[in-house]
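Inspection log for the structure reproduced underneath, given as C-alpha cells.
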Amino acid sequence: MKNDLVLRVLGRLMIPAILLFALYVQFHGDFGPGGGFQAGVIAAAGIIFYALIHGVAATRRLVPDGVVETMVASGVLIYAGVGLAGLLLGGHYLDYSVLSHDPVHGQHRGIFWVEVGVATTVCGVMLKIFYMFASRGNSED
Amino acid sequence: MAISVVAIVVTRNLFSVIVLSGAYSFLMATVLVALDAVDVAMTEAAVGAGVSTVLLLGALHLCKSEEAKPVHKPWLPLAVSVSTGALLIYGAWGLPDFGDPDAPIHQNVVPRYMENEVDVPNVVTAVLASFRGYDTLGETTVVFTAGAGVIALLRRRKKGPEKTREKA
C-alpha cells in the first residue's frame, strides 16, 4: 500500500499525532483519563498503522526486533524495580511513599515510573505479537 | 450493537466477522464512555477495535477465510448461553441502581480512595498504580508472559524453517 497517496499523506499527518497522544495519555494519566496501558496500546497502534502503510520490513528497520524484545522485558523490570527501590529505602515492596521526602510526592514518583513500566511492556508485547503474525504471513506468499 | 452481534454469529465469511467485531468494539467503547468509564473505553477502542482487528486479519491471512460448517447442531450450547444470560439479567435486577451513592460498594473502601492520600486527581490511576499496585504488577507480568508465549510459539527456528511452515 506504499503507493497509495491518500494513505501515505494520512499516515504522515496522523502517526505523529497518535504518538503524541500516546505520550499525552501516558504523562497526563494522573489528571485525566488514561495511564500506562492505554498509552502503550495507542503507541503500538500508531506504529502498526505505519507498518500497514509502509510494510513490516520498513517498520522492522525503524523499530528493530531487539528494541521491541528489550521493551517487553524492561517494562516489567522497571515496575518490579520501583518495588525494590521502595524496599531498599526502608518501606514495603511497592510502597511509593518512601521514594521521596514527601510521601505524596513519593507516591507521584512511584506511580509515574510504574506507568512507564506498564506502557513499555504493553507497547513492546503488542508490537512483538504483530511482528510475529505479520512476518509469518509474508513467508507464505 | 445487537445487530452487529447477530451478524457476527450468522456470517460465515471470517473477514466480515473481523470487521464487524471491530465495529462492535467501537460501539462498546461509546457505551463505556456513556457509563463514565473513559479509561476502559480508551482501552477498548485501541485494543478491541484497533490492534486486535489487525492481529486477527494477520491471523486470517494464514488460514481459510470461510468458517467451516459446524459438526454438531448448536442447540445445547445455545441453551446454556441463553439460560446463563437470563440468570445474569435476573441477578442484575437485584443490584443497586447505577450511580446510587448508597450502594454498598460506595460505603466500604471507596471513601478512602476518594479522599486520596495519594493526591492524584484521576482515582482510576491512583487505584491501579498505588492501592492495587500488586495487581497491576501481576497484570503487567501476564502481558509479558503472553508476549513471551507468542515469541516461543511463533519464532522461526533457525534450523528447520520448513517444519514450522508445514505445521501452519
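Per-structure values
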quantity	calculated
Overall Cα dimensions of chain B, principal axis frame, Å, largest first	60, 44, 26
Per-peptide average of other Cβ atoms within 10 Å, ordering A:50-57, A:126-133 highest first	A:126-133, A:50-57
Spin-label model distance (nm) - A:Val67 vs B:Leu95, 7 Å beyond Cα toward Cβ	4.3 nm
Set of region B:1-28 residues, backbone N closer than 14 Å to the point 7 Å along the Cα-Cβ line of B:Ala79	none
Chain B: relative contact order as a whole-number percent, Cα under 8 Å and 6+ apart	14 percent
Lys, Arg +1 and Asp, Glu -1 on Cβ, resulting dipole of chain B about Cα centre, debye, nearest 20	1700 debye
Partner chain coverage, peptide B:36-48 - average Cβ within 10 angstrom	5
Charged-residue dipole, Cβ positions (Lys, Arg, Asp, Glu), the protein assembly as shown about Cα centre, Debye nearest 20	1980 debye
Three principal axis lengths of region A:75-141 [C-alpha, angstrom, descending]	59, 17, 9
Gyration tensor verdict on region B:1-68 (Cα atoms; rounded if a/c is under 1.5, prolate if a/b is larger than b/c, oblate otherwise)	oblate
Residue-averaged beta-carbon neighbours from other chains (10 angstrom radius) around A:8-20	0
Inter-label distance, nm, simple model (7 Å from Cα along the C-beta direction), A:Val104/B:Val9	5.3 nm
Value in Å of the Kirkwood radius, where the protein assembly as shown supplies the Cα pairs that are averaged	21.9 Å
Mean separation of Cα contacts under 8 Å, 6 or more apart, over the residue count of region A:23-101: relative contact order %	13 percent
Helical segments meeting 15 Å axial Cα length and Kyte-Doolittle 1.0 threshold in chain B (DSSP H)	B:14-34, B:75-93, B:133-154
Cα-Cα separations in chain A greater than 25 Å, expressed as whole percent	38 percent
Length-normalised contact order of chain A in % [C-alpha pairs under 8 Å, at least 6 apart]	27 percent
Gaussian network model of chain A, Cα within-10 Å springs - most flexible of A:Leu89, A:Leu19, A:Leu99	A:Leu89
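Laboratory data are not the source of any read-out in this text; all were calculated from the coordinates shown. Everything numeric in this text was worked out from a predicted model, so none of it was measured. As a convention, Cβ positions derive from the backbone with ideal geometry for all residues, glycine included, and neighbour counts pool all protein chains shown.
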